[in-house]
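Bear in mind these aren't lab numbers, they're just calculated from the coordinates by the rules spelled out. The structure displayed is predicted, hence computed values, not measured ones. Glycine also receives a Cβ, built like all others from the backbone with ideal geometry; neighbour counts cover every protein chain displayed.
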Amino acid sequence: MFKFSRVFVLSFIVFVSSSDWAHASVETLSTHTDTFVNSNCALNQTCDLKKASLTQEVFRVRFVGKESEPAALGSRMAMNYETDSVSNLEKYGVVQFIKGCQFTSRLENGVVKRRQDIAYERDGKYPPYVFPNWEIDGFVDDPIEWGDTKSDGSRHNFYWNHEPSHNRPSVKWDYFGFKKPSTPELWLRDGAVIAAYSPESGDARNVSLEMKTCIYKTSDVPRSVPYDQVDFATPIYCFNWTKSVIFNFKTMQYDSPEGIDPFCESFDESSGVTVKK
């Protein structure tokens, strides 16, 4: 996930070079959209929230000159919610939760060896990308914020003011904190997590994650919440989705098994995390 999508993963360059990405071909394999309509709003006094939707896209990446190699696979999502007026958009906010891990694997003497040696940046440190239990997916104190740079003091500065594009870098005018939308709708995106196999090293990058993306009343969410305190408030609704891409060394292709891989249920200190700052 990218920094604005709450967790910043260290560079993918160990598997794919920037020159390869410049000549990459991206093919969408599937998209799936879930929609929540706030029809029982009187129960919790949220009738100015109309609906929310989350779309997940799974895609394949192939590189020019490397078509015979196993394709890289990725997953990304975009969520939006709609209120009855622009002025009511900040009455609601989105928090994302994460469980599972990313890890590398390789085949050694006929045995698949796995290592929890992928890290991410949080609070100036680089802990392993392993979440045995549910945590708030983020790197700032306020779980509603989806960015770390302030503009006008809003907790919604980095919510998109229009449908986000996964195919171009964002600019400040894409965000609510710099430009209010013309319609009462805000968007968030979770940047792509890519899994790829490197024939040169024999390493495969794997992703086994469960995600919950929940909408709350903003007033119910404290401005500072420890990452492991996931029961700080009752959400209005949660979208549940997964990122599951595990390399199969028998078929030399990626599988998408259901559920969290057992290797992600705890941190294996013996596998280590080596990070260059």
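Quick check: net charge around Asn240, other residues with Cβ under 10 Å of its Cβ, Lys/Arg +1 and Asp/Glu -1?
With Lys, Arg at +1 and Asp, Glu at -1, the neighbours total -1.
The modelled label-to-label distance for the pair Asp123/His166, using points 7 Å beyond Cα in the direction of Cβ, is 3.2 nm.
Cβ crowding within 10 Å ranks His156, His32 as His32, His156, fewest other Cβ atoms first.
Within the set Lys125/Lys243; Lys91/Lys243; Lys50/Lys212; Lys99/Lys172, which residue pairs have Cα atoms separated by over 27 Å? Mind showing how you got there, number by number?
Details: Lys125/Lys243 24 Å; Lys91/Lys243 30 Å; Lys50/Lys212 20 Å; Lys99/Lys172 30 Å.
Beyond 27 Å between Cα atoms: Lys91/Lys243; Lys99/Lys172.
In a shell of Cβ-Cβ distance under 12 Å around Asp48, excluding Asp48 itself, what net charge do Lys and Arg (+1) and Asp and Glu (-1) give?
On the way: positive: Lys50, Lys51, Lys91, Lys217; negative: Glu82, Asp84, Glu90.
Surrounding charge for Asp48 is +1.
So which trypsin sites (Lys or Arg not before Pro) in the range 139-195 end up in coil per DSSP with only 12 or fewer other C-beta atoms within 10 Å? Of the trypsin sites (Lys or Arg not before Pro), the ones in loops of the range 139-195 whose Cβ has at most 12 other Cβ atoms within 10 Å are Lys150, Lys179.
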